[in-house]
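Below is one structure, written out as structure tokens; comments come after it.
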Amino acid sequence: MPGTPAPRVSRGDDMAASNKAVMRKEIRARLRAAQEKSVSDLKAVEGVRVAMRENGDPEAIGIPSPMLFQSGIAFQRDATRLLDPLTKLVFSLGSTQVLILPEGTALGDAKVLDMRRTMGISSHLYQAGVAPPRVRVNLLNTQVDIPKGLQDFKGVVIVFQYNQPMNLVVESAVGDELGPPISLGVYPQQIRPSRNQGAIIEFSVSDPPTGLVSWKFQLLQPSRDGSELAPLQEVVGGGPVFHQIFWNGRLNYFGSPLPAGRYECILSAMDAKNRQRTLHRWIQVLDDGASSEKLLEAPPPETPAAANAAPAPSADLHGEGAKPLVAGVKPAAAEPTTISKPKAATASKRKVVKRPVRGKKAAKADKGKEAKSAQPRAEASPEPAAAGHYELSFNKNTHQMTQGAEKSLAKAAGELANYPLEALKVVGHAAADEQDPATLADRRAKMVAGLLVNRYQVEPKKIQISSSASGQGAKVELMMERGD
């Protein structure tokens, strides 16, 4: 592209091709071992069912609900024996997307409690740092290809979807005042480099309606006196992105282990209104005498002697000729190594805008003006019926909201974000003359709940779903109540 600046070059780019190949092979082996260990741990729990693809990748996992949940939506005390390997598996699968199906989905008979439980699983993954664009909850019983071996399974089914484009564009402006939507995760949170352990760092940056100007990821090393953090790595970009980095706590990947300490990951992003959002995560690097979980350990290395002295590249694992996922990498003392699936890398690469920040900002502003002039004037969103009470109108005999209802939903989600002690009651309704009003009211409520979780990132535990076939009209009520 004419005028596009060249990416900043990593000093690891001079690494011999043979050593790059060795590094990539080793990282793939680490991730494969982590996947296999996670699947093995899940299979070891009696009652859990796992469907595998022909190439050995997990296709879907079925977990009986009583193993995860108590009588309500609270997790069992020992649910970590399932949630921990599940979280590890999701991180090790790169850009693979995760679809969570409530119990009863295959038969079209998912209950409200089942919906809330699946939202609890997605919330657990979000809190661990898994990128929200990777995780979806199917609350509408929409058609999903469930593996044959799990079509009759009684419990939660988690389906893994490979090589699909990731949606990194946010339609709603809710939460814009906090900056662009971003996520940052680290797994595991402590490593021991002397035992060839490493961590996966995952982050995502989505494009908000106001436009994304820039983002920056940094990995910082604690200084010797502990007074400040010194930068090890900096990655910058100007467009929406999903990115994974594998970091083994060593100097240039093949070098000596870095000093023990608390290393910090920082992700920040700025929109076209100069609003910035920042997230922090930490990796505890342990010396050989400390205790740590044995996760993502390397298999016996097949490293040639020259590799021990050569710097490691900031390499994408899809061939020498492929362009990196990110706009550029700043030279640093220790270089994390990118890990990502080929298909996802292609999709994300298409969305990354590799031009100066000022040009990006101007283009977004022009694009916004054109869009406003081309779109018809939308209906005004109705004011709340009362403080903390919204009514969302639906088109007759459908679960399609009106334009005004879409805006009201965004306002309600924003209001809930400002009052963390509030719970949100979602009540579906249908008019008496609509077809099958009871089912329609129930599906409307579930659809709105799904939008609140998946689009607006409302915590599932705050949502209470119910429906009424009392003939009050084609609508869904949102009522904010003080949480217990």
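The values are calculated or read from the model by the stated rules, or taken from the named source; none is laboratory data. Computed from a predicted model, the values in this text were never measured in an experiment. Positions of Cβ are backbone-derived with ideal geometry, glycine not excepted, and every protein chain shown enters the neighbour counts.
Let's see how each residue does on (1) in contact with a Gly (Cβ under 7 Å, 6 or more places away or on another chain); (2) at pLDDT below 90:
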| position | (1), (2) |
| --- | --- |
| Ala51 | yes, no |
| Lys88 | no, no |
| Asp109 | no, yes |
| Asp114 | yes, yes |
| Leu125 | no, no |
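Meeting the requirement of 3 or more residues that are at negative phi and buried (at least 23 other Cβ atoms within 10 Å of the Cβ), the strands (runs of 3 or more DSSP E) wholly within region 422-484 are 422-429.
Yes or no: Glu391 in contact with a helix residue (DSSP H, G or I) (Cβ under 9 Å, 6 or more places away or on another chain), surrounded by 15 or more Cβ atoms within 10 Å (Cβ to Cβ), at pLDDT 85 or above and part of a strand (DSSP E or B)? When the stated conditions are applied, Glu391 passes them. Tell me the residue from Phe217, Phe160, Phe203 that is modelled with pLDDT of 95 or more, over 30 Å from Lys273 (Cα atoms) and of a type outside the set (Gly, Ala, Ser), please. Being modelled with pLDDT of 95 or more, over 30 Å from Lys273 (Cα atoms) and of a type outside the set (Gly, Ala, Ser) holds for just one of Phe217, Phe160, Phe203, which is Phe160. Could you list, in sequence order, the residues of region 123-164 that are under 24 Å from Asp84 (Cβ atoms), under 16 Å from the mean Cα position of the chain (by Cα) and of a type outside the set (A, V, I, L, M, F, W, C)? Correct list: Ser123, His124, Tyr126, Gln127, Gly129, Pro132, Pro133, Arg134, Arg136, Asn138, Gln161, Tyr162.
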